[in-house]
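Read the structure below first, then the notes.
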Amino acid sequence: MSSPLAASDVAIAFDIQGLTKVYETEAGAVHALRGVDFQIREGETLVLIGPSGSGKSTLLNILGGLDRATAGSAKFRTFELTGASDAALTRYRRASVGFIFQFFNLVPSLTARENVALITEIAIDPMSPEEALERVGLADRMDHFPAQLSGGQQQRVAVARAIAKRPQLLFCDEPTGSLDSESGIQVLEAIAEVTAAVGATTLIVSHNAAIADMADRVVKFRDGQIAETIRNSRKIAPREMRW
């Protein structure tokens, strides 16, 4: 099996073929993904939108190595995620992927600097916690605890934590879902700025259709399938969006 750490000059970051995910429940089988075929280019920013249960977060979790497909294949560069061992997926997540979730998942007893250091201490070639926090506009909040920060500031700490490893991939699942509009815009600005800075391929899952305007491509999900893909002729900065 190829290493997920190997450099690649190919233009395609992900090649996804027939990707299927079925969850078995007491009520019967739930088809979260139904044979998705898709390619994602290196350095793209994609926004995945659709109703709850449409498959967008399931796809994100499989591509992030957090979940496994039932059938089909998903390849990141030369690394085949489907069929990879748990150890290989752990190395892939640690080396290549930064995650941002709706809930900040900060350690309350650690400062912003210390929360980011949790990642930089295990990353291969990280930026310093100080640099990561400066990139998201929190240079003056490094030694504050989560309880001393607003919701938007806490999410920006989570962004700093995600990008401190200089990830090749940045996966954001409802990153503004628990924030007011101004805090959400600030978080999206931080994501856009750091994505450009580290050159990451970025996927953002959101229920907020306005966020689609910041994407290179918008992917609409329905019933476990991709219903439509739209390429934006012009990306709009978060501050210009109609929230």
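None of the figures in this text is laboratory data; all of them are computed from the coordinates on show. Remember, it's a predicted structure, so these values are computed and weren't measured experimentally. Backbone-built Cβ (ideal geometry, glycine too); neighbour counts: all protein chains shown.
Brief remarks on what is shown
- Near-label residues of segment 157-178 by backbone N, under 20 Å of a point 7 Å along Cα→Cβ of GLU134: 157-167
- Sequentially through segment 86-102, phi angles give Karplus couplings (6.51, -1.76, 1.60; θ = phi - 60°) of 4, 5, 5, 5, 4, 5, 4, 4, 5, 8, 10, 10, x, 10, 10, 10, 4 Hz, Gly and Pro residues having no value and appearing as x.
- Cα-Cα over 25 Å, subset of LYS75/LYS165; LYS165/LYS220; LYS21/LYS235; LYS75/LYS235: LYS165/LYS220; LYS21/LYS235; LYS75/LYS235
- Here the label points at GLN148 and ALA27, each 7 Å from Cα along the C-beta direction, are separated by 4.6 nm in the simple model.
- When peptides 88-95, 102-109 are sorted by average Cβ neighbour count within 10 Å, with the highest value leading, the order is 88-95, 102-109.
- Dipole magnitude for the chain: about 400 debye, using +1 per Lys or Arg Cβ and -1 per Asp or Glu Cβ, origin at the Cα centre.
- Between VAL30, VAL116, VAL136, the GNM of the chain built on Cα springs shorter than 10 angstrom shows VAL30 fluctuating the most.
- Full extension of the segment from GLU182 to SER109, taken as 0.36 nm per residue of separation minus the current Cα-Cα distance, would add 23.6 nm.
- Restricting the trypsin sites (Lys or Arg not before Pro) of segment 129-201 to loop positions (DSSP other than H, G, I, E, B) with no more than 12 neighbouring Cβ atoms within 10 Å leaves nothing.
- Within a Gaussian network of the chain (alpha carbon springs, distance under 10 Å), most fluctuating of LEU63, LEU149, LEU203: LEU149
- Cβ-placed point charges (K, R +1; D, E -1), dipole of segment 129-243 about Cα centre in debye, nearest 20: 400
- Separation of alpha-carbon centers, segment 165-181 and segment 43-87, rounded to whole Å: 16
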